[in-house]
Amino acid sequence: MQIVSYGGGVNSTAMLIEMMRRGESCAVILFADTGGERPETYSYTKMFSEWLVARGYPAIVSVQNDGMHRTLEVECLTNKRLPSVVFGYKSCSDKYKRRPFAKWLKSQSLGDDVTVCIGFDADEPHRAARGAASADPYAKRYPLIEWDMGRDECLDTIRAAGLPTPGKSACFFCPNSKVHEILSLPQPLIDRALAIESNAELTVIAGLGRSWRWADLIRADKAQMGLFHRSEDVPCGCYDG
Ligand code: SF4
C-alpha cells in the first residue's frame with residue numbers, strides 16, 4: 001500500500017501529479033500540520049486536495065500533534081522557548097511533523113505492507129540518504145529521485161497540470177526563514193512571530209535569527225536601513241520545495 005507524505009510545497013505536489021499521471025496507486029495522503037504553516041499553504045492544500053479527489057485520488061488528510069501542545073506556536077509561547085531548530089536540533093520537526101504522521105499510520109493498523117512516498121527531489125539525494133538511515137517502522141520510497149526529477153522538472157510538472165505553483169512550506173516563524181521570506185510575511189503573522197521571540201527566555205542567542213532578532217530586522221526594514229542583507233541558509237528538515 002502506497003501512502004504519500006504531503007508537505008504542501010512544490011516537491012510533494014509534483015510527486016502526486018506525476019504518480020497520478022503514471023497510473024500509480026495511492027491509498028492515503030497525509031499532511032502533518034505544525035499549526036504554524038503559512039495561510040497560502042493551507043489554502044493550496046485545500047485546493048489541491050479537491051483537485052486530487054476530482055481525479056480519483058484520496059483527499060489530503062491533516063494530522064497534528066495530539067500531546068500537551070497541539071501546535072508548535074503554543075508550545076513555544078507556553079514554555080518561553082523558540083523552535084529547537086534555532087539551536088540546530090530537529091526536535092520541532094520530529095515532534096510536529098514526523099511523529100504525528102507515524103502515530104496516525106500506526107493507529108490505522110494498515111499492516112506491514114506500507115510504503116511511504118516522500119518528495120525529496122533529484123537535486124537533493126542527501127536528504128533521502130538521511131531519511132533512509134532513520135528508524136521509521138515503514139518502507140520509504142523517493143519517486144522524484146527514481147524519476148530523476150529535480151526542482152525544474154517539478155515546477156514544469158505543476159505548470160503542465162494547469163496548477164499554480166505552491167509557496168514554500170514551513171512554519172511562518174521558522175528560524176531557517178530567509179530575510180526576504182520574513183519581510184514578505186503579512187503583518188498578523190509578523191506580530192505572532194515577534195510575540196514568540198519577545199516571550200522567549202534566551203541566553204546564548206539573540207532571537208529567531210540566532211545572532212539577531214527578527215524584531216530588529218523588521219524595524220531596520222521599516223526605517224530602510226538595509227542592515228540585514230542575508231541570513232544563514234540552513235536546510236530545514238521540513239522543507240518541501
Ligand atoms: S518549519 Fe522550521 S520551525 Fe517549523 S517544525 Fe520545521 S524546522 Fe521547526
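Figures for the structure shown
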{"item": "Local net charge near residue 169, Cβ-Cβ under 11 Å (Lys/Arg +1, Asp/Glu -1)", "result": "-1"}
{"item": "Convex hull volume per residue for segment 2-160, taking Cα atoms only, in Å³", "result": "123 Å³"}
{"item": "Beta bridge orientation in segment 29-181: antiparallel %, DSSP, nearest 5", "result": "10 percent"}
{"item": "Alpha-carbon centroids, segment 151-230 and segment 93-115: separation in whole Å", "result": "29 Å"}
{"item": "MRE, 222 nm, helices only [DSSP H, n ≥ 4, -39500 (n - 2.57), over the chain, to nearest 500]", "result": "-11500 deg cm²/dmol"}
{"item": "Calculated Rg and Dmax of segment 47-125 using C-alpha coordinates, Å", "result": "15.9, 45"}
{"item": "Highest-MSF residue in the chain out of 118, 205, 145 [GNM, Cα springs under 10 Å]", "result": "205"}
{"item": "Under the span-like rule (Cα at least 30 Å along the axis, Kyte-Doolittle mean at least -1.0), DSSP H helices of the chain", "result": "none"}
{"item": "Highest-first arrangement of 13-19, 70-76, where packing means the average Cβ count within 10 Å", "result": "13-19, 70-76"}
{"item": "For segment 2-160, with +1 on Lys and Arg beta carbons and -1 on Asp and Glu, the positive-most of 10, 105, 76 along the dipole", "result": "76"}
{"item": "Anchor residue 46: lysines whose Cα lies under 29 Å away (excluding residues fewer than 8 positions away in-chain)", "result": "90, 95, 97, 103, 106, 140, 168, 178"}
{"item": "Kirkwood-type radius of segment 1-91, with distances r between different C-alpha atoms, in Å", "result": "14.6 Å"}
{"item": "Rg and Dmax of segment 108-221, Cα atoms only, in Å", "result": "19.1, 55"}
{"item": "Charge dipole (debye, nearest 20) of the chain; +1 at Cβ of Lys and Arg, -1 at Cβ of Asp and Glu", "result": "500 debye"}
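Bear in mind these aren't lab numbers, they're just calculated from the coordinates by the rules spelled out. Just so you know, these numbers come straight off a predicted model, no measurement behind them. Note that each Cβ is placed from the backbone with ideal geometry, even for glycine, and that neighbours are counted across all protein chains shown.
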